[in-house]
2 protein chains.
Amino acid sequence: MPAAKAATAAPHARARQREATRERIVAAAIDTFAEKGFRGASTREIARRAGTNQGLITYHFRSKDALWRAAVDTIFGWLESEWSASPSGLDPRETAREAIRSWVRFAAAHPELLRFMVNEGRESDERMRWLVETHIRPRYADLASRTNEIAGLPEALLPHFFYALVGAGSLIFSVAPECRRLTGLDPTREEAIETHAEFVARLILP
Amino acid sequence: MPAAKAATAAPHARARQREATRERIVAAAIDTFAEKGFRGASTREIARRAGTNQGLITYHFRSKDALWRAAVDTIFGWLESEWSASPSGLDPRETAREAIRSWVRFAAAHPELLRFMVNEGRESDERMRWLVETHIRPRYADLASRTNEIAGLPEALLPHFFYALVGAGSLIFSVAPECRRLTGLDPTREEAIETHAEFVARLILP
DNA sequence: AAGGATTTTATTCGGTTGACAAGCGAAAAT
DNA sequence: ATTTTCGCTTGTCAACCGAATAAAATCCTT
């Protein structure tokens, strides 16, 4: 039976279609939540951006809250996979610098991350608690072990180091339209990203 | 005529009352806009926090948009007066460090500022344009002239320096509840503010 | 071709939004 | 003392919100 079982382009076309739709909705949710915050984003607008309708969101995700969690899971999933790929290098100082550059490049590729942090970190509600315990604390622990390995950063200064690094590395990308208007520099350009990565790396490790 | 013209406690009691009410509303608006963004903040909640009613906001300010502008004017008015009080010091390097510490202290006292920037800087709408041209550009020009005076920062790096400084100095205060939960450090404490000011100052000018 | 999962369309519900208009009452002007 | 002014309160409005539902349409699977 040479040409048997034709017709169906793929055995799991259904599951793939389902997954593709979910991903489209999540992608639209990430953009919209990052732009307007949880309250400001409506499921109707998310559906419109995803090219579907509001009813489908209720079908795939139980609620707006669950959709938000799926969006955050996706973003921090990207961060986790990027961060775990550490190029255990030669000079420990240069390795640390490269880690910082890597973080800045990630912040440039995903400016939504800082927006989510600023949007949710200011209110002490259930969403913030979930975000911290599920995603931020593991990253914070990673950073703590790394700084111990390399430079001797006093334990008490770790919070200051963490937020200074995150803020310095990602703000310019999170307010890209403003930066363009204010300075004329387009921070989404590859050249600007590398310049900022080098600038922040040299700032922290001269 | 010793006790003449009594009765009226003050000649302009009416105007004073009006101004006091406006200020109460603006203060409530700053808190609410900073917490929930422009869309997430409702005029009813702002009125409730100000101890009045929603109709009064429409009376004093024509629209929610005008109220937002009044709130931003107030915040950046604080920044301007703080920034202009530069203590032309002795060692130019130490003077610059003190300027950075001063900026961090301001960011701690007014964490709303970064939230306004992140909230509005991400969308290229009319509010962002107004914010940049009216308030941010003058501060950016100030910074440019100061860095020229002191250290020889290449012109092309000024945008990177600006956003790195703003981000490093203020993020920790803008996500204070998150910081408390994540690290146990309360960034609103006087001691933590001074530590962060010194940390950022030494980061930029070792 | 039948069957079932995905998707669309439509509707309902309780609630919130910003803007507006009419009227109240005390201060101010005459 | 009467009238006018004006800061303020109250109630109303259409538009939109999120969530839930139901039924029909579409498409993959078998």
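The values are calculated or read from the model by the stated rules, or taken from the named source; none is laboratory data. Note that the structure is predicted; figures quoted are calculated from it, not measured. All Cβ positions, glycine included, derive from the backbone under ideal geometry; neighbour counts span all protein chains shown.
For region A:176-192, the criterion of being more than 9 Å from chain B (Cβ to nearest Cβ), in contact (Cβ under 8 Å) with a residue 40 or more places away in the chain and part of a helix (DSSP H, G or I) is satisfied by no residue at all. Is there a residue in region B:29-48 that is surrounded by 15 or more Cβ atoms within 10 Å (Cβ to Cβ) and at positive phi? Yes, region B:29-48 contains a residue that is surrounded by 15 or more Cβ atoms within 10 Å (Cβ to Cβ) and at positive phi.
For region B:33-40, the criterion of being closer than 21 Å to residue A:125 by Cβ, within 14 Å of DNA strand D (Cβ to nearest atom) and in a loop (DSSP other than H, G, I, E, B) is satisfied by no residue at all. Would region A:58-69 turn up any residue that is within 16 Å of DNA strand C (Cβ to nearest atom), of a type in the set (Phe, Trp, Tyr) and at pLDDT 85 or above? Scanning region A:58-69 turns up at least one residue that is within 16 Å of DNA strand C (Cβ to nearest atom), of a type in the set (Phe, Trp, Tyr) and at pLDDT 85 or above. Can you tell me which residue is nearest to DNA strand D (Cβ to nearest atom) among those in region B:49-94 that are of a type in the set (Gly, Ala, Ser) and loosely packed, with under 12 Cβ neighbours inside 10 Å? Of everything passing the filter in region B:49-94, B:55 is nearest to DNA strand D (Cβ to nearest atom).
Note on region B:193-206: among residues that are within 8 Å of chain A (Cβ to nearest Cβ) and not hydroxyl-bearing (Ser, Thr, Tyr), the one that is farthest from residue B:107 (Cα to Cα) is B:206.
Determine, yes or no, whether residue A:55 is in contact with a helix residue (DSSP H, G or I) (Cβ under 9 Å, 6 or more places away or on another chain), at positive phi and part of a helix (DSSP H, G or I). Here the answer is no, as residue A:55 does not meet what is asked.
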